[in-house]
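Report on one structure; see the data block that follows.
The values are calculated or read from the model by the stated rules, or taken from the named source; none is laboratory data. Bear in mind the structure is a predicted one, so any value in this text is a computation, not a measurement. Ideal geometry is used to build each Cβ from the backbone, glycine not excepted, and the neighbour counts take in all protein chains shown. Surface accessibility is based on the protein's heavy atoms, side chains included, excluding ligands, DNA and RNA. Shrake-Rupley method; radii C 1.70, N 1.55, O 1.52, S 1.80 Å.
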Amino acid sequence: MEKNTKQKIYKVVMLIILVALITFILTSIFMYKYFGEGTRYLSVSPNDGGISTTLATFKKIIDQKFLGEIDDQKVLNETIKGYIKGLGDPYTEYLTKEEMQDFDADVMGNFVGIGVYLTQDLQRNVVLILAPIPGSPAEGVGIQAGDIITKIDGESYTGEQLSEASSRIKGEEGTKVKLEILRGETSLELEIIRQRVKINHVEGKVIENNIGYIKFNSFDEGCSEEFEEKLKELKEKNIQSLIIDIRNNGGGIVSEAIDIADLIVEKDSNLLITVDKNDKEEIRKAKKEPIINLPIILLTNESSASAAEILAGALKDNNKARIVGEKTYGKGVIQELLKLKDGSGLKITTNEYFTPNKNKINKVGIQPDIEEKGEDRQLQVAIEQLSI
């Protein structure tokens, strides 16, 4: 009985070995036919010897065996972009020479495109339109704040491809770009002619009850000086209070937002607290005496982000403005731009920032004093508050 049992076990084991051997032979034949010379194993792992050693090994193999043409600059750009993407930070990115030129044009407020403010919606991983630029081709075809760009010239884009999407939208003046837009549940296809777009960072006017109104479209270079000029014009018209509108403002240069707050907040007051990776804290204070001492309402919405939130936090915590609208976006980290010798650049997250009262902004946002939805209603409530 025991002998028969051993024989059965032996037969089962041999059958398993035979099946495995046949499977291996058939798989090898298939792989040989499919890949030509079959599958071979390299004596290197992505974890061996660090990044530079691993890349050097792959480069050597590709130089020896790759059939196609190799564009060294393109490979280098994509390698750096891949490394940066691996950090997992949506705000840290490598900009090629061409992308840096576009970035500089944007900051200076003069470029060829359709005229929209874009951001990456982290929750949905989509390219989100914060707002069309007033007077732009985008505004002319009816693009709205909150629209999502799903395709550009037939090619799909996700939020993490924000830089690529922005570059694809831009182009030569007079040429056309086709966008597929998602607005709620509705999909729209729009064809837009690219034009030279001039950004007006600051708009100002007097509205009812001697209320001054200043809107910031962005915080790009020079907008603090523009704000000071607009404010002077409005004060000459005898305004008695002021509405500052930072709705749909995706931010910009941190120092510009701080300089604006410095014109409103008392000298030596805290404007911003930043903390770096080593937990080193820096407090930025107002350096000037304020040039305005009027009741102020700040208008915000969920697209008020970054530098816009710095201004909101500085004015709210120093009791210089009440906020009407919606909770802000919640981008509370600062990027430093490093320009490289070849014209490319690295935008890298270096600090987290907090309001003067050390309130967290990143992924939290700033809560309004009076919560209100709808742009028209928000403005009306601000007017009512200042008319009391």
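Things to note:
- Candidates Tyr213, Tyr83, Tyr353, ranked by Gaussian network fluctuation over the chain, Cα under 10 Å, top entry: Tyr83
- What separates the Cα centres of region 245-285 and region 336-364 is a distance of 12 Å.
- Helix 97-108 axis, angle to the chain major axis (alpha carbon atoms, nearest 10°): 20 degrees
- In region 199-266, the trypsin sites (Lys or Arg not before Pro) that fall in loop regions by DSSP, at most 14 other Cβ within 10 Å: Lys237
- Surrounding net charge for Tyr213, when Lys and Arg each add one and Asp and Glu each subtract one, Cβ distance under 11 Å: 0
- Between the helical axis of 375-387 and the longest alpha-carbon principal axis of the chain there is an angle of about 30 degrees.
- Along region 157-167 the Karplus relation, 6.51 cos²θ - 1.76 cosθ + 1.60 evaluated at θ = phi - 60°, assigns HN-Hα couplings of 9, 10, x, 6, 9, 4, 4, 5, 5, 4, 5 Hz to successive residues, with x for each Gly and Pro.
- Taking the Cα centre of the chain as origin and assigning +1 to Lys and Arg Cβ atoms and -1 to Asp and Glu Cβ atoms, the resulting dipole is close to 1820 debye.
- Helical contribution to [θ] at 222 nm, DSSP H n ≥ 4, -39,500 (n - 2.57), averaged over the chain, rounded to 500: -11000 deg cm²/dmol
- For the peptides 338-346, 219-227, 252-260, residues were scored by their other Cβ atoms within 10 Å and the scores averaged per peptide; the highest-first order is 252-260, 219-227, 338-346.
- A value for mean projected area of the Cα convex hull in nm² was derived from the coordinates, and within the list (i) 20.6; (ii) 30.5; (iii) 43.9 it appears as (ii).
- Lys198 - accessible surface, heavy atoms, 1.4 Å probe, Å² rounded to 10: 120 Å²
- Restricted to Cα atoms, region 63-129 shows a radius of gyration and a Dmax of 15.9, 47 angstrom.
- Residue (of Pro134, Thr54, Pro290) at the positive-pole extreme of the chain, dipole from beta-carbon charges: Thr54
- Across region 182-261, C-alpha contacts under 8 Å between residues 6 or more apart give a mean separation that, scaled by the residue count, equals a relative contact order of 31 percent.
- Leu67/Arg124 FRET efficiency (R0 41 Å; Cβ-Cβ; nearest 0.05): 0.55
- Each Cα pair under 8 Å and six or more residues apart adds its separation to the average, and for the chain the resulting relative contact order is 12 percent.
- C-alpha long axis of helix 72-85 to longest principal axis of the chain, angle in °: 70 degrees
- Stretching the chain fully between Glu289 and Glu225 yields a gain of 21.5 nm (0.36 nm per residue, less the alpha carbon separation).
- Of all the options Ile361, Ile192, Ile310, the one that moves most in a Gaussian network model of the chain with Cα springs shorter than 10 angstrom is Ile192.
- Cβ-defined net charge surrounding Glu180, 15 Å radius [Lys, Arg +1; Asp, Glu -1]: -1
- The chain - accessible surface per residue (Å², probe 1.4 Å): 58 Å²
- In this simple spin-label approximation, Glu160 and Ala56 carry label points 7 Å from Cα along the Cα→Cβ vector, and these lie 2.9 nm apart.
- For region 258-270, putting each phi into the Karplus relation 6.51 cos²θ - 1.76 cosθ + 1.60 with θ = phi - 60° gives couplings of 5, 5, 5, 4, 5, 7, 10, 8, 4, 4, 6, 6, 5 Hz, in residue order, rounded to whole numbers and with x for Gly and Pro.
- Carbon/sulfur fraction of accessible area - the chain, other protein chains in place, 1.4 Å, %: 52 percent
- When only Cα pairs below 8 angstrom with a gap of at least 6 residues are kept, region 126-181 shows a relative contact order of 39 percent.
- Highest mean first, the peptides 146-154, 316-324 sorted by other C-beta atoms within 10 Å per residue fall in the order 316-324, 146-154.
- Remark: accessible surface ordering of Tyr91, Tyr329 (largest first) is Tyr329, Tyr91, probe radius 1.4 Å.
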